[in-house]
C-alpha cells in the first residue's frame with residue numbers, strides 16, 4: 001500500500017481537527033464528520049442553542065426550553081432542505097410543535113441563517129399530511145393523463161413519505177434573516193452526490 005503524498009498534509013492538519021472535535025464534544029456532538037456535526041456546532045454556537053441528545057427528538061432548545069428543528073443545505077449542490085426519510089403524521093405533529101432554523105452553506109462556509117415558525121411552514125405540513133392520506137389537491141378538471149407520481153400517490157396511501165423538501169427560495173422569502181455572511185466563501189468545486197466515496201460505516205441502502 002502506497003500512501004498518497006497528501007497524507008503528510010492531513011497529518012499536519014489533524015491536531016486542529018481534534019481541537020474542533022473537542023469543542024464539538026463539549027456541546028454534545030460526538031462526531032463532526034457524521035450527520036453534519038461540524039455544521040451543527042457552528043450553528044448552535046452562533047444561535048446560542050443547546051443540542052438535544054438522541055436521534056429521535058428535536059435537534060436543539062433555547063435557554064427558555066423552546067425546541068427547534070435545525071436544517072442546513074449546501075446550495076452548491078441543491079436548492080432545497082431535506083426533512084425526514086420516513087415522514088408520517090406523527091413526525092408532522094412533532095414539526096408543528098417547534099420552531100425552525102434554516103442554514104445555507106456554500107461548501108463548508110455558512111452563508112445565511114433564517115428563523116421560521118411552524119405556522120409559516122403549515123402549507124408544507126398540510127401538503128405532506130394530505131399526501132400520506134392519499135388526498136389529492138383540488139384543481140380544475142383536466143383532460144391530461146396523470147403522471148406516474150400522481151398514480152403512485154393513491155397506491156402509497158398510508159405509507160411514509162421519503163424526505164419531502166422545503167425550498168431555499170421559500171425560506172428566503174418568508175423567514176427572518178438572523179445571519180448573513182459578510183465575506184465571500186472560498187471557491188470550491190462541488191462534488192456531486194453520485195461521485196462521493198461511499199460511507200463505509202453505512203449499510204447498503206442507508207446512504
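The values are calculated or read from the model by the stated rules, or taken from the named source; none is laboratory data. These figures come from a predicted structure and were not determined experimentally. In this analysis, Cβ positions are derived from the backbone assuming ideal geometry, glycine residues included, and neighbour counts consider all displayed protein chains.
Whether any residue in region 111-125 is at pLDDT 95 or above, surrounded by fewer than 14 Cβ atoms within 10 Å (Cβ to Cβ), at negative phi and not in a loop (DSSP other than H, G, I, E, B) is what I want to check. Yes, some residue in region 111-125 is at pLDDT 95 or above, surrounded by fewer than 14 Cβ atoms within 10 Å (Cβ to Cβ), at negative phi and not in a loop (DSSP other than H, G, I, E, B). Please name all residue pairs, on different chains or six or more residues apart, with Cβ atoms under 7 Å, provided the first residue is in region 113-131 and is within 11 Å of residue 164 (Cβ to Cβ) and the second residue is assigned to a strand (DSSP E or B). Note: pairs meeting the criteria are 124/166; 128/87; 128/161; 131/161.
Quick check: is even one residue across region 177-190 under 30 Å from residue 128 (Cβ atoms), modelled with pLDDT under 70 and not in a strand (DSSP E or B)? First the steps, then the outcome.
Our first condition is that a residue be under 30 Å from residue 128 (Cβ atoms); within region 177-190, this holds for 177-180, 190.
Retained after the next criterion (residues that are modelled with pLDDT under 70): 190.
When the remaining residues are screened for being not in a strand (DSSP E or B), the result is 190.
Looking for residues that are under 30 Å from residue 128 (Cβ atoms), modelled with pLDDT under 70 and not in a strand (DSSP E or B), one finds at least one in region 177-190, hence yes.
Examine region 3-15 for a residue that is in contact with a strand residue (DSSP E or B) (Cβ under 9 Å, 6 or more places away or on another chain) and not in a strand (DSSP E or B), and state whether such a residue exists. Checked region 3-15: no residue is in contact with a strand residue (DSSP E or B) (Cβ under 9 Å, 6 or more places away or on another chain) and not in a strand (DSSP E or B).
Look through region 78-94, keep the residues that are in a strand (DSSP E or B) and either more than 23 Å from residue 169 (Cα to Cα) or at pLDDT 95 or above (or both), and return whichever of them is nearest to the chain's Cα centre (by Cα). It would help to see each step written out before you state the result.
Start the filter on region 78-94 by keeping residues that are in a strand (DSSP E or B), which leaves 80-81, 87.
Those left that are additionally either more than 23 Å from residue 169 (Cα to Cα) or at pLDDT 95 or above (or both): 80-81.
Details: 80: 9, 81: 5 Å.
Within region 78-94, the match that is nearest to the chain's Cα centre (by Cα) is 81.
From the set of residues in region 95-110 that are surrounded by fewer than 16 Cβ atoms within 10 Å (Cβ to Cβ) and either at positive phi or touching a strand residue (DSSP E or B) at 6+ places or on another chain (Cβ under 9 Å) (or both), which is modelled with the highest pLDDT? By that ranking, first place goes to 97. Residues that are assigned to a helix (DSSP H, G or I) and more than 30 Å from residue 177 (Cβ to Cβ) were ranked within region 22-53; the one that is nearest to the chain's Cα centre (by Cα) is 25.
Within region 81-91, identify whether any single residue is on the phi > 0 side of the Ramachandran plot and free of Cβ contacts under 8 Å to residues at least 24 places away in the same chain, and answer yes or no.
Filtering region 81-91 down to residues on the phi > 0 side of the Ramachandran plot leaves none.
No, region 81-91 has no match at all.
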